[in-house]
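Input: a single structure, listed below in structure tokens.
The values are calculated or read from the model by the stated rules, or taken from the named source; none is laboratory data. This one's a predicted model, so the numbers in the text were calculated from it and none came from an experiment. Virtual Cβ from ideal backbone geometry, glycine too; neighbours counted across all protein chains shown. Accessible surface is based on the protein model in full, side chains and every heavy atom, while ligands, DNA and RNA are left aside. Shrake-Rupley method; radii C 1.70, N 1.55, O 1.52, S 1.80 Å.
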Amino acid sequence: MLNRRNFLTAAVGVAVAGGLAACAKEDDSSSGSSDSGNGGGGGKKITLGFAQVGSESGWRTANTKSVKEAAKEAGYTLKFSDAQQKQENQISAIRSYIAQKVDVIAFSPVVVTGWDAVLKEAKTAKIPVILTDRSIETSDDSLYVSFIGSDFIDEGRRAGRMLETVLKKAGHKGAVKIAQLEGTTGAAPALERAKGFKEVMDADHKDDWKIVVSQTGDFTRAGGKQVMAAFLQSDPDINVLYAHNDDMALGAIQSIEAAGKKPGKDILIISVDGVKDGFVAMSEGKINGIVECNPLLGPQLMDLVKKVDAGETVERRIKTKEGDFLQEQAKDALPTRKY
């Protein structure tokens, strides 16, 4: 049985309201005392520009809340932008932060590529950049100072090992026909969660596991519902779903039930994230296992911002702590899942 871990908790907040579809929504959030946000001395108050991916999921909502609350607690001035899952909006927000001469820029990249030009502009302006949650591919690693987030490849591997446990517990015999709900095309978690899962398949399950259909659900509940409905029409013999996040799995459950099948029994479900709704579904037997990806990055980010602003040397990569949960653990774990 997989081990349980202890986790931080936080109340889920309200998602940032969207603006026009083609524009990023930006707001300035000022906190209280400047003493705790002065970078380690003097009267200077740190200004942080944060460009968020969007508000596409429960995980993202919790992540945004964590960042905003931690910035307020640290005494920083926070300039926040919701990119609505559009890279062009995020690039525009970063350029706005450069023009405003913020002290530090942090962002969670929509996709992995296409950032070099704007990050070179930040470097020229001598504004340090921190990546949160998602990594990027760049020709020059000096364009950002640090990354805080999860090891998505390892999450994919753990999802594969979790499926082994779930199949064994279910007494499954015969072929494993897997449907994969991918995250946003080109996003680091989508690419790497798929890669890690495939590593387990290729290493130990070449003969019995097969991904029969795979498509993006864009990390949204609506996307998961729509794509899973199409999966069930084209491949009605699917007996496993691997979803790259809980929201897509929750949407898929609706389509599975609409097709007259039982999620968690007729179709075994493995997901990633660990949001409260995912644990509710797992406590009801509809999701068999969840690999946690902790969204509460705010406090770690603010500590790092202070060090970077003070010119201190920082770690290149900072990993968050995560865990795995199976159905029988859901009842005990559910009360602590506040995000």
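Taking region 282-330 as the region of interest, the strands (runs of 3 or more DSSP E) fully inside it that hold 2 or more residues being open to solvent by 20 Å² or more (accessible area, probe 1.4 Å) are 317-319. Would it be correct to say that Val272 is in contact with a Lys or Arg (Cβ under 7 Å, 6 or more places away or on another chain) and closer than 25 Å to Gln84 by Cα? Here the answer is yes, as Val272 does meet what is asked. Among the candidates Leu143, Leu181, the residue that is in contact with a helix residue (DSSP H, G or I) (Cβ under 7 Å, 6 or more places away or on another chain), in contact (Cβ under 8 Å) with a residue 60 or more places away in the chain and open to solvent by less than 50 Å² (accessible area, probe 1.4 Å) is uniquely Leu181.
The residues of region 65-93 that are over 16 Å from Val305 (Cα atoms) and out of contact with any Ser or Thr (no Cβ under 7 Å at 6 or more places or on another chain), listed by number, are Lys65, Ser81, Ala83, Gln84, Lys86, Gln87, Glu88, Asn89, Gln90, Ile91, Ser92.
Scan region 313-339 for residues that are of a type in the set (A, V, I, L, M), modelled with pLDDT under 90 and in contact with a strand residue (DSSP E or B) (Cβ under 9 Å, 6 or more places away or on another chain) and report the count. Final tally of qualifying residues: 2. Of the residues making up region 241-262, those that are open to solvent by 10 Å² or more (accessible area, probe 1.4 Å) and outside any helix (DSSP H, G or I) number 4. Here the condition is being under 14 Å from the mean Cα position of the chain (by Cα) and open to solvent by 10 Å² or more (accessible area, probe 1.4 Å); of Gly186, Gly174, Gly149, it holds for Gly186 alone. Would it be correct to say that Gly39 is on the phi > 0 side of the Ramachandran plot, at pLDDT below 95 and either within 16 Å of the chain's Cα centre (by Cα) or not hydrophobic (A, V, I, L, M, F, W, C) (or both)? Considered against the rule, which asks whether it is on the phi > 0 side of the Ramachandran plot, at pLDDT below 95 and either within 16 Å of the chain's Cα centre (by Cα) or not hydrophobic (A, V, I, L, M, F, W, C) (or both), Gly39 comes out as yes. Annotation note: Cβ proximity below 8 Å between a residue of region 87-113 that is more than 15 Å from Thr64 (Cβ to Cβ) and a residue that is part of a helix (DSSP H, G or I) and among the aromatic types (Phe, Trp, Tyr) (sequence gap 6+ or interchain) occurs for Ile105/Tyr97. Of the residues making up region 222-240, those that are part of a helix (DSSP H, G or I) and among the aliphatic types (A, V, I, L, M) are Ala222, Val227, Met228, Ala229, Ala230, Leu232. Taking region 56-104 as the range and being over 17 Å from Ala117 (Cα atoms), of a type in the set (Asp, Glu) and surrounded by fewer than 23 Cβ atoms within 10 Å (Cβ to Cβ) as the test, the residues that pass are Glu56, Glu69, Glu73, Asp103. Mind listing whichever residues of region 128-166 are part of a loop (DSSP other than H, G, I, E, B) and not basic (Lys, Arg)? Pro128, Ser135, Ile136, Glu137, Thr138, Ser139, Asp140, Tyr144, Val145, Ser150, Asp151 - these are the residues of region 128-166 that are part of a loop (DSSP other than H, G, I, E, B) and not basic (Lys, Arg). If you go through region 189-215 and pick out every residue that is over 19 Å from the mean Cα position of the chain (by Cα) and in a helix (DSSP H, G or I), you end up with 7.
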